[in-house]
Amino acid sequence: MTKKTPKTGAHKITKWIWKLFFGRLVFSFLVFLLASLGVFGQLPTFEELENPESNLATEVISIDGKTLGKYYRENRTPVKFSELPENLIQALVATEDERYYEHSGIDFQGTARAALKFGKDGGASTITQQLAKMLFTKTASNNIFKRLNQKVKEWVIAIRLEKQYTKNEIITMYFNKYDFGHAAVGIRSASRIYFGKEPNELDIEQSAMLVGMLKNSSLYNPMRRSALVEQRRNVVLKQMVRSEFINEKVKDSLQKLPLELDINLEGHSDGTATYFREYVREFMRKWISKNPKPNGESYNIYRDGLKIYVTLDSRLQHNAEEAMTEHLTNLQQIFYKQQKSNKTAPFYDLEEEQIASTMKSAMKRSDRWRKMKAQGASIKDIEASFYVETPMRVFSWKGDIDTVLTPYDSIRYNKYILQSGLLSTDPSTGHVKAWVGGIDYKHFQYDHVKQGKRQVGSTFKPFLYATAINQLGLSPCDEFPNTPYTIPAGKYHLAEDWTPRNAGDEYGGLRSLKSALANSINVISANLIDKTTPQNVVKMAKNLGVESDLIAVPSIALGTVDLSLYEMVGALNTFANKGMYVKPMMLLRIEDKNGTILEEFMPETKEVLSESIAYTTINLMEGVTRYGSGVRLRTSGAKYPDNVATGYPYQFDNPIAGKTGTTQNQSDGWFMGLVPNLSTGVWVGAEDRSVHFVDLSRGQGASMALPIWALYMKRNYADEDLNISKEAFEEPENFSINLDCSKEIEEDEGGEQKQLNLNDEIDF
């Protein structure tokens, strides 16, 4: 019998190592098997892996292809792999997963190294594992055993993802899913918010910064810790050298560069066209209620990734917002100075009781009042809260101010702020090109384009004159006496005689229709409405697209009605569009996330006037800017020899049809300006009509609103790509109405000085 060789200590150790090794393999196999069977908790199904849950932001896209804003729960707009720059992918692989293209979801070599170092150099999670965690692990557990369970499931999911998707698809999903902070979910939102670029425009150092944020976007956020982020970016660049994506020379040069951020926040109250986007949101709410998905479910603009293509032009919108800010910044300072001598500032013409009532109404409309009332607070407690000093942020034209005020004082402070609205459309298509509903959506959410209605003053007069020309067969050169005109009591249901007066009580001689409109001669407006009847003027305004209720009384000749900018611009478009009314149009089409068209929108049109009447009205309105209340747009020159040198800064010499408007006490200033392919209306005033300029020189439409139009158009003309016309309005064929009133203008009483008298535009 052969005697057994005694086992040495080394042999026993070797045997135990092999047992441990195979035991680990078996254990790992069993863990993966049990995890894949769902023993440790439910795993995503095949369908969930095929369509992982994601909230996709709905985009509002301008006619020139720019994203104006988004609606979202998560600000995510997916990109394709082809839209990712190579330097971004290289930075990711070099920093997060060097063997990404070599493993099948789990880097066992990296995992073993991490285990030996007890995780000191990180957990060796692959890009695929990180994606699995983002997609299917909502919150990482702090409990070590639960976290190990989550980790095992992430490994299983990572392997399944590798089977389901290509490497490029996984990288794309990863970049589309990651939250970079500040509502920048996904690489497209991040590149737009932090650098104002699309992903494929990112430079190497910018890609490196964004990849550096993947470690912890809250800690490594450039808006909070720029120095730390710059250090992290440089680590990424160093990793790119290690992976041979860039060389040392490139790295050294890039590491010296500052971050050079271009922050463009995409919150609901941030960015451009905020008031317009709110209009679109409300439109979509109604559209969704009437247009379900094929399966009967409702669309969700916060999750379904719709594409809303709109008529707005981002360049015109930008110009409009800049023009409004430039003018109102200066005008506001002038207004503040006037208020220093006002004992009831900022109110005029109100008794203390009326001021108290006005302020009480404003308090009741506030969020504070609404929230406290919903919480069950008593009226006494709610009112008392308005007199407790509170930290807050208030609006100023130099930027928001952090301060401490009582809510009551903050409301009164806001009453000082001049508000404004601007709407710009293409008269031939009805396309809305720029929509500025107010000065700052974060602080003032009332939209002065479509919601707000204010007394329109003399801007209503073109409707009266068009009615007179159409109904009575008048020409711009027909003359009327510039003398007081009375419509007696009883006529048109008047309770007493109605005798409007001219501004400055200036009368005498004859005035042509062109001169009368240019200088807003009220007595001639009274004469015209009596000859045409208020009913026919109302009918004309309605045919031109005015939707508001209009009472057929003689005073509408002076613009006593309250209308919106939306209505006014839409109606005046008809004259520029040869008598054809086109309803203002905001949306072009709606697509789903796959590009399937859900609805296309077509213009609504109707013929209102003949081309001849429309052209004649335009010619009348051109007189306003040639020698009337809008003359400050002009300069002397060959095209307009009847102008004197104005000395104003705008110096336009192309044909412009316009109309100023100023209401009683200078509460509202208007200017409507039309060129052949762009009609624009501007309104300026305060929230309350009792808040206004005390003098006409500052408070008239030519001072409050016209400069915004001028600054806007200066910017538009400076950009030749916009193709804004400087040509004359097209004269109809076989046109026979006499428009040459030069003789009458030269002989007009008061001569040029009279023509330039801006006081004549105010209506009473």
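The values are calculated or read from the model by the stated rules, or taken from the named source; none is laboratory data. Computed from a predicted model, the values in this text were never measured in an experiment. So basically every Cβ, Gly included, is an ideal-geometry build from the backbone, and we count neighbours across all protein chains shown.
Which helices (runs of 4 or more DSSP H) sit wholly inside region 669-744 and have at least 1 residues that are of a type in the set (Phe, Trp, Tyr) and free of Cβ contacts under 8 Å to residues at least 40 places away in the same chain? Before you say what the answer is, go through the steps one by one.
Details: elements: 696-699, 701-704, 706-718.
Qualifying helices (runs of 4 or more DSSP H): 706-718.
Residue check: is Lys337 basic (Lys, Arg) and not in a loop (DSSP other than H, G, I, E, B)? Break it down stepwise before answering.
Values: basic (Lys, Arg): yes; not in a loop (DSSP other than H, G, I, E, B): yes.
Answer is yes for this residue.
Would you point out which residue out of Ala374, Ala323, Ala384 is more than 17 Å from Tyr416 (Cβ to Cβ) and at pLDDT below 95?
Values: Ala323 fails: at pLDDT below 95; Ala384 fails: at pLDDT below 95.
None of the other options fit; the residue is Ala374.
Sort out which residues of region 502-536 are hydroxyl-bearing (Ser, Thr, Tyr) and either out of contact with any helix residue (DSSP H, G or I) (no Cβ under 7 Å at 6 or more places or on another chain) or without any contact (Cβ under 8 Å) to a residue 60 or more places away in the chain (or both), and write them in order of number. Walk me through how you get there before you give the answer.
The first filter runs over region 502-536 and keeps only residues hydroxyl-bearing (Ser, Thr, Tyr), leaving 507, 512, 515, 520, 525, 532-533.
Matches in region 502-536: Tyr507, Thr533.
Output the qualifying pairs, or none if there are none: Cβ atoms under 6 angstrom, residues six or more apart or on different chains, first residue in region 568-580 and of a type in the set (Phe, Trp, Tyr), second residue at pLDDT 95 or above.
Correct list of pairs: Phe575/Ala614; Phe575/Thr617; Phe575/Ile618.
So, in region 282-301, exactly how many residues are surrounded by fewer than 17 Cβ atoms within 10 Å (Cβ to Cβ) and either closer than 18 Å to Gln317 by Cβ or of a type in the set (Phe, Trp, Tyr) (or both)?
The number of residues fulfilling the criteria is 1.
Only residues that are of a type in the set (S, T, N, Q) and assigned to a loop (DSSP other than H, G, I, E, B): list them for region 474-515, please. I'd like the intermediate steps shown before the answer.
In the first step, residues of region 474-515 are kept if they are of a type in the set (S, T, N, Q); the result is 475, 482-483, 486, 499, 502, 512, 515.
Selection gives Ser475, Asn482, Thr483, Thr486, Thr499, Asn502.
Restricting attention to region 216-239, report how many residues are exposed (fewer than 15 other Cβ atoms within 10 Å of the Cβ) and without any contact (Cβ under 8 Å) to a residue 24 or more places away in the chain.
The total comes to 7.
So which residues in region 399-442 are surrounded by fewer than 19 Cβ atoms within 10 Å (Cβ to Cβ) and assigned to a loop (DSSP other than H, G, I, E, B), if there are any at all?
Gly399, Asp400, Thr406, Tyr416, Ser428, Thr429, Asp440, Lys442
Out of Ala323, Ala362, which single residue is under 28 Å from Leu711 (Cα atoms), in a helix (DSSP H, G or I), in contact with a helix residue (DSSP H, G or I) (Cβ under 8 Å, 6 or more places away or on another chain) and of a type in the set (Gly, Ala, Ser)? Talk me through it step by step, then tell me what you get.
Values: Ala362 fails: under 28 Å from Leu711 (Cα atoms).
Step by step, each of Ala323, Ala362 is checked, and only Ala323 is under 28 Å from Leu711 (Cα atoms), in a helix (DSSP H, G or I), in contact with a helix residue (DSSP H, G or I) (Cβ under 8 Å, 6 or more places away or on another chain) and of a type in the set (Gly, Ala, Ser).
Residue under question is Tyr279, and the condition is that it be in a loop (DSSP other than H, G, I, E, B), of a type in the set (Ser, Thr, Tyr) and surrounded by 12 or more Cβ atoms within 10 Å (Cβ to Cβ); does it hold? Steps first, answer last, please.
Working: in a loop (DSSP other than H, G, I, E, B): no; of a type in the set (Ser, Thr, Tyr): yes; surrounded by 12 or more Cβ atoms within 10 Å (Cβ to Cβ): yes.
Against the criterion (in a loop (DSSP other than H, G, I, E, B), of a type in the set (Ser, Thr, Tyr) and surrounded by 12 or more Cβ atoms within 10 Å (Cβ to Cβ)), Tyr279 does not qualify.
Take the residues in region 76-97 that are within 19 Å of Lys133 (Cβ to Cβ) and charged (D, E, K, R); name whichever of them is surrounded by the fewest Cβ atoms within 10 Å (Cβ to Cβ).
Result: Glu96.
Hey, among the residues in region 671-704 that are surrounded by fewer than 24 Cβ atoms within 10 Å (Cβ to Cβ) and among the polar types (S, T, N, Q), which one's farthest from Arg412 (Cα to Cα)?
Of everything passing the filter in region 671-704, Asn677 is farthest from Arg412 (Cα to Cα).
Which members of region 169-200 meet the condition of being in contact with a strand residue (DSSP E or B) (Cβ under 7 Å, 6 or more places away or on another chain), of a type in the set (Gly, Ala, Ser) and in a helix (DSSP H, G or I)?
The answer is Ser189, and nothing else.
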